[in-house]
1. Please go through the stretch 1-18 and pick out each residue that is modelled with pLDDT of 90 or more and either under 41 Å from the mean Cα position of the chain (by Cα) or crowded, with 16+ Cβ neighbours inside 10 Å (or both).
2. So, of the residues in the stretch 328-349 that are of a type in the set (Ser, Thr, Tyr) and surrounded by 14 or more Cβ atoms within 10 Å (Cβ to Cβ), which turns out to be farthest from residue 161 (Cα to Cα)?
3. If you check residue 165 against the conditions, is it over 16 Å from residue 315 (Cα atoms) and part of a loop (DSSP other than H, G, I, E, B)?
4. Is it true that residue 90 is of a type in the set (Val, Ile, Thr), at pLDDT 80 or above and either assigned to a helix (DSSP H, G or I) or under 30 Å from residue 132 (Cα atoms) (or both)?
5. Test of understanding: among 133, 114, which residue is modelled with pLDDT of 85 or more, touching a Leu at 6+ places or on another chain (Cβ under 9 Å) and not assigned by TED's automatic domain parsing to the domain that holds residue 239?
6. Filter the stretch 184-217 down to residues that are surrounded by fewer than 21 Cβ atoms within 10 Å (Cβ to Cβ), under 19 Å from residue 252 (Cα atoms) and in contact with a Lys or Arg (Cβ under 9 Å, 6 or more places away or on another chain), then give me how many there are.
7. Could you list, in sequence order, the residues of the stretch 213-239 that are assigned to a helix (DSSP H, G or I) and touching a residue at least 12 places away in the same chain (Cβ under 8 Å)?
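The values are calculated or read from the model by the stated rules, or taken from the named source; none is laboratory data. Remember, predicted model here, so these are calculated numbers, not experimental data. All Cβ positions, even for glycine, are placed from backbone atoms using ideal geometry, and neighbour counts span all protein chains on display.
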Amino acid sequence: MARRPTVYDVAELAGVSIATVSFTFSRPERVKAETRDAVLAAADSVGYVPSASARGLARGRTGAIGLYAFDYLLEPSVPGTPALEPARATRLFPLYSDEVQRGVQLECRARGLALMLGSGRQPDQRPAVIDVAGRVDGLIAFAGAAAPASLQQVARRIPVVELGGLVRGQGMHTVLVDNGESMAELTRHLVSVHGIRTAAYLGDLGTPEFTARWEGFERTLLEAGLVPRGRMASAPGDDRSTVEALERVLAEGLPDAIVCSTDQEALVVLDELAARGLRAPDDVLVTGFDGIVAASLADPPLTTVVQPMEHVGRRAVEILVAALDGEGTVPESDVLPSALRIGRSCGCS
């Protein structure tokens, strides 16, 4: 078997030091353009590909960040099945998790870091989480994607950022928006601008984010002297649960507004209302939360809370890098601003 080309071969051919070759691949901005071009040409000539594991051994790091997601958004595609209809495809992509992942990817690329993705069908799949964590320098996990005990175990070895989660110990951090106040602002808009007296809530309490949204909705109605109907269990990505929740709402009589914990659920509600000959906002006001692309493309466009999804992903990477580099005090919790986006689904023109 032919000998694998090494960094020494590239350095000799390009007439530079091995440190310069290393910087060309790991920190190209620190190398002059003409020198970088010479190194890349030499690498192409000999067929050299840098070894991430070798670089990692030299630095005591892998040079990679892990991102662990909860694989509940889409059922796996089956080879040979027809492609999704365009209207359906825009409802499924990009979602909150996709936009956050994009932010993680962009920040990793800017910092010369590799990104390893992992996911599981259930939050208690500890081997899957540990497998990813064992290959990276730091781990980002969506809230609810991994069991708290798994993340606490990982955090004893590497820094962990749980997006929208709770800080549970040393080495753990979180990036989130103020879900409770954001939902409260949306609910106040419905009460003060549209004068609603009755409102139904569709959502889950499976994560701290979702719990805070429900509490913000409930608190705001009570402060206005209104009594919430209660929460109808529904989960984003599980359309059947949302349809069943809406059926229970309608069985009690049409409220002034239906407030959904996510845009995904609100879009299902719009479809189901239309199938029953009802329409937002003429018959009932409908709102969502997250600000995904499909929310603005809906008919009518959704009133929703827009999260800075790309920024959430980027900030998570920044926190991990700061923790790894020991750069001063790293925040345990970083709350980013959200924005209320008014659409026609709440009755505004």
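1. 9, 10, 11, 13, 14, 16, 18 - these are the residues of the stretch 1-18 that are modelled with pLDDT of 90 or more and either under 41 Å from the mean Cα position of the chain (by Cα) or crowded, with 16+ Cβ neighbours inside 10 Å (or both).
2. Checking each candidate, the answer is 345.
3. It is false that residue 165 is over 16 Å from residue 315 (Cα atoms) and part of a loop (DSSP other than H, G, I, E, B).
4. Against the criterion (of a type in the set (Val, Ile, Thr), at pLDDT 80 or above and either assigned to a helix (DSSP H, G or I) or under 30 Å from residue 132 (Cα atoms) (or both)), residue 90 does not qualify.
5. Numbers: 114 fails: touching a Leu at 6+ places or on another chain (Cβ under 9 Å).
Only one candidate passes the filter, namely 133.
6. Going through the stretch 184-217 one residue at a time, the tally reaches 1.
7. Filtering the stretch 213-239 down to residues assigned to a helix (DSSP H, G or I) leaves 213-223, 239.
Answer for the stretch 213-239, where residues must be assigned to a helix (DSSP H, G or I) and touching a residue at least 12 places away in the same chain (Cβ under 8 Å): 213, 214, 215, 216, 217, 218, 219, 220, 221, 239.
Quick grid of which residues meet (1) in contact (Cβ under 8 Å) with a residue 40 or more places away in the chain; (2) over 29 Å from residue 116 (Cα atoms); (3) small (Gly, Ala, Ser):
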position	(1), (2), (3)
6	yes, no, no
10	no, no, no
17	no, yes, yes
21	no, no, no
27	yes, no, no
33	no, yes, yes
37	no, no, no
